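The values are calculated or read from the model by the stated rules, or taken from the named source; none is laboratory data. These numbers come from a predicted model, not from an experiment. Note: ideal-geometry Cβ built from the backbone for every residue, glycine included; neighbour counts use all protein chains shown. Please note that ligands, DNA and RNA were not included when accessible areas were found on the heavy atoms of the full protein model with its side chains. Shrake-Rupley method; radii C 1.70, N 1.55, O 1.52, S 1.80 Å.
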Amino acid sequence: MSGAKTGERGEAEGVAATWLDSETKVLEAPHDHGTELRLWLRMLTCATLVEAEIRRRLREEFDSTLPRFDLMAQLERARDGMVLGELSKRMMVSPGNITALVERLVESGHISRTTSPTDRRVQIIALTPFGRTAFKTMADAHAEWISGLFAGISAKDEQALLDQLGGLKHSIVAALGKSG
């Protein structure tokens with residue numbers, strides 16, 4: 001393993017350790033914090049650990065990034081491509097961030113950019129055949145990584161957690177609706 005990769009992994013592990021430390025501090029004094037706060041920190045810790053590992057594996061195994069993977073995933077669902085504005089909305093990032101990602105993926109041959117036949121000001125972004133093949137390989141690996149990271153939980157517990165988090169999502173949406 002190269003020094004750069006070792007350093008990068010150390011950084012990802014350092015980020016995860018920071019989150020674990022934050023959670024551990026809260027859990028050391030449970031009476032000082034409500035269950036909701038401890039639950040939030042636990043969910044954040046889990047999400048951070050998974051994301052850091054996915055980022056590391058994409059970088060090491062595919063020389064890619066999570067934003068590139070996410071952009072390609074959106075384009076995989078849009079067989080005819082999509083305009084930059086729609087891509088930006090779906091990814092919930094600014095058009096400027098999308099433009100930079102698109103440039104890199106056009107240069108690497110993963111996506112194409114064409115002018116709309118109905119409006120010359122609009123560009124349509126789509127996966128190339130090469131990009132589609134590369135994304136499928138990454139997506140298959142990504143699915144295996146997620147399965148591996150969740151391997152320690154039974155199918156029954158996975159479903160229970162999914163149901164409970166669905167209830168939490170509903171509660172949050174309802175609370176946001178009440179405050180707005």
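With every protein chain in place and a 1.4 angstrom probe, the accessible-area ranking of Val93, Val102, largest first, reads Val93, Val102.
Here r is the Cβ-Cβ distance between Phe150 and Glu103 and R0 is 41 Å; the resulting FRET efficiency, rounded to 0.05, is 0.75. Computed from the Cα positions only, the extents of the range 30-169 along the three principal axes stand at 61, 28, 24 Å, in decreasing order. Amide hydrogen proximity for Val83: with H placed 1.01 Å from N in the peptide plane, the residues at 5 or more positions away or on another chain lying under 5 Å are Ile125.
Listed highest first by mean packing, meaning other Cβ atoms within 10 Å per residue, what order do 150-156, 109-115 come in?
109-115, 150-156
What is the distance in Å between the Cα centroid of the range 90-153 and that of the range 33-85? If we compute the Cα centre of each part, the gap is 13 Å. Heavy-atom accessible area, probed at 1.4 angstrom with all protein chains present, ranks Arg68, Arg90, Arg77 as Arg77, Arg90, Arg68, highest first.
Calculate the spin-label point distance for Thr115 paired with Val93, positioning each point 7 Å from the Cα along the beta-carbon direction, and give it in nanometres. Inter-label distance under the simple model: 2.7 nm.
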